[in-house]
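Heads up: the structure comes next, in structure tokens.
The values are calculated or read from the model by the stated rules, or taken from the named source; none is laboratory data. As the structure is a computational prediction, the values presented were derived from the model and not from experiment. Note that each Cβ is placed from the backbone with ideal geometry, even for glycine, and that neighbours are counted across all protein chains shown. What goes into the accessible areas is simple: the full protein's heavy atoms, side chains included, and nothing from ligands, DNA or RNA. Shrake-Rupley method; radii C 1.70, N 1.55, O 1.52, S 1.80 Å.
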Amino acid sequence: MKLLTHNMLTSKNMKTVTTGYPLIIQARDVKVMEVEFRAEFISRMIPKIDWECLCRAAEDLGHLNDLPKSVPDNYENDEDFLKKAHHVMLEVEVINGDLICPESSRKFPVTDGIPNMLLNEDEI
Amino acid sequence: MAEPLNLDGFRGLVDDKLCTIEASCNTGFEFLVLEEVKEILGCEGRCHRGRVIFDINTEDVPKTLKLRTVNNLWVLVGHTGKFSYPAESEDQLISLADYAESLPWDKALQVWKDVMKFKGTVIKEDKDTKVDDVPSFRCSCYRTGSNHKFKSSEAQISVGGRIHDIFGWNVKMKDYDLEVVMNCDIDQVYVTIALTNKALFNRTLSHLGFLCLKPTVCACLVRFAKIEPGDVVLDPMCGGGSIPLEGSQMNTGGYFIGGEISAGGAERSRKNQTDISTLHGLSKVPLMDAMQWDALHPCLRDNSVDVIISDLPFGKRSGSKADNRVLYPRTMNAMARLVRPSTGRAVLLTQDKTSMFKTFGKIQKYWKLNRYFGINIGGLHGLIFLFNRTQQNFES
């Protein structure tokens, strides 16, 4: 599961949960893989994601490095920044671990790169 | 396959620098193939039923294999709009063979050789010398019309036999190198050589589930959705991930997410995704992710998705029509929270027309029908629906 996907995940579909975001990552296995850098794609994705959540997730996985805490002005033309964002969004994958709802502490397992977000009957 | 072609304005049969190509697709998708031919090859095509015909520079023919919406490709060798069939069946067969023999084969054969990367000898310098590295071939015939006094199989033998005499190639009905195709209509006859011995959709899906959507159909759906760079594209019922897998290889600039309720399906999606990375090297790591989820209780943030593309259960091999009456509207209303108002859209494929038509009214607060069109999908009549997300913000 890429951190870009994690950025969009929420547990608010659970009965008792109001916001359910962001999900806390407890990773056992993390993999880094090389993905071709596409500047336009990263540039268009930046305004759509929650930057704070991305930084937090990267930090939890030990891949924060020198990623800026906030998005710089004129980020579209800052290739250095875009490459750092690209690395964190697409190249760091959670393979095994859990995603934890911040309100209910419910754990969603990630196995072989696939998060299981299915809810039990009493959670819907 | 044997419907009258309109070749007005096409010069591939008279100009050595050009070839006329026949490209097949699932019926209904022709307009999308036309678009892809223009965009990827820069060629102006013409639609026929289940096919698009276009001229392309002879040296560029190998580029046609890059087309993702096309099932098969042929290069035209010859065409006549008015074939005079003699009275007797024997004579009809001979005249077809005569016609095939009279055609200029050199250019089309060279094109075939380049596309197939065939290393042997296609045209022998000396007709009578035995050469070992000639291709194996078969002749196929597709016929429509009731004025023929012969069967397709007889035409195959007659024309195939003549081709064997001219070129000295070995006949082989299966696992052949080269296929010559005779298309016989009521008045029209045209001859082609196949540029694809295996259909182009035999790519991508290494871990087949029991309900896979052909990659070429997936490519058509993705093209129809007009993905922009940075679009988040979701298939909420992705099965083995056919749609995200194909979409993420198409250079649309979109990010593809597949959600699937069954563990098996989600696993297959993931395996297919990692296989592509291994097969094609780093630059082709697909921009996709798969997860296990229930589409009716989706776990993505509000307004995080731009496009939904899905192959809905037809209600034949999976689920039932009665289930669809409930599933379709519930799914679309669940998706309404996820999809960005105004700009968001959904491209849905289904064969269960009735359930879909009954769904319109139940979802109209959030989804407005833009258009729909029919396609042929595995012998069934499918429909593709395009919905636009209304301006209305989601209210639970």
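What area, in nm² and to one decimal, does the C-alpha convex hull of region B:283-396 cast on average over all directions?
On the way: hull surface 33.3 nm².
For the Cα atoms of region B:283-396, the hull's average projected area reads 8.3 nm².
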List of region B:242-269 residues, accessible area with partners at least 50 Å² below that of the chain alone (1.4 Å probe): B:255
Accessible surface buried upon A-B contact (total; probe 1.4 Å; Å², nearest 100): 3000 Å²
Amide H contacts of residue B:300 (H built 1.01 Å from N, under 5 Å, at least 5 apart or other chain): A:10
Binned Cα-Cα distances of region B:220-278, short to long, each 10 Å bin given as a whole percent: 25, 53, 22, 0
Peptide-level mean, for B:222-230, of C-beta atoms on other protein chains within 10 Å: 2
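Ignoring ligands, DNA and RNA, please state the percent of accessible area on the protein assembly as shown from carbon and sulfur, probe 1.4 Å.
Here it works out to 48 percent.
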Region B:89-142: radius of gyration and largest Cα-Cα distance (Dmax), Å: 13.6, 39
J(HN,Hα) series, region A:90-101, from Karplus relation 6.51 cos²θ - 1.76 cosθ + 1.60, nearest Hz, glycine and proline x: 10, 9, 9, 10, 7, 9, 9, x, 9, 10, 10, 5
Per-selection metrics, chain A (Cα): Rg and Dmax in Å: 15.0, 49
222 nm mean residue ellipticity, helices alone, for the protein assembly as shown (DSSP H n ≥ 4; -39,500 (n - 2.57); rounded to 500): -8000 deg cm²/dmol
Residue-normalised accessible area of the protein assembly as shown, given per residue in Å² at a 1.4 Å probe: 44 Å²
Estimated translational D of the protein assembly as shown in µm²/s (Stokes, Kirkwood radius over Cα pairs; 37 °C; 0.692 mPa s): 128 µm²/s
Counted charge near residue B:172, where neighbours are those whose Cβ lies closer than 12 Å (Asp, Glu -1; Lys, Arg +1): -1
Pairwise FRET efficiency - residue B:44 versus residue B:263, Cβ, R0 = 45 Å, nearest 0.05: 0.40
Rg to Rh quotient for chain B, alpha carbon positions, Kirkwood Rh: 1.04
Separation of alpha-carbon centers, region B:289-317 and region A:68-124, rounded to whole Å: 18 Å
Listing of region A:2-29 residues, each with accessible area lower by at least 50 Å² in the full protein assembly than in the chain alone (probe 1.4 Å): A:2, A:5, A:8, A:12, A:13
Mean separation of Cα contacts under 8 Å (6+ apart) over length of region B:151-205, as relative contact order %: 21 percent
Around residue B:182: net Lys/Arg minus Asp/Glu count, Cβ-Cβ under 14 Å: -2
Modelled FRET efficiency - R0 60 Å, residue B:106 with residue B:376, Cβ distances, 0.05 increments: 0.95
Interface residues in region A:80-124 - accessible area drops by 30 Å² or more relative to the isolated chain, probe 1.4 Å: A:114, A:115, A:117, A:118, A:124
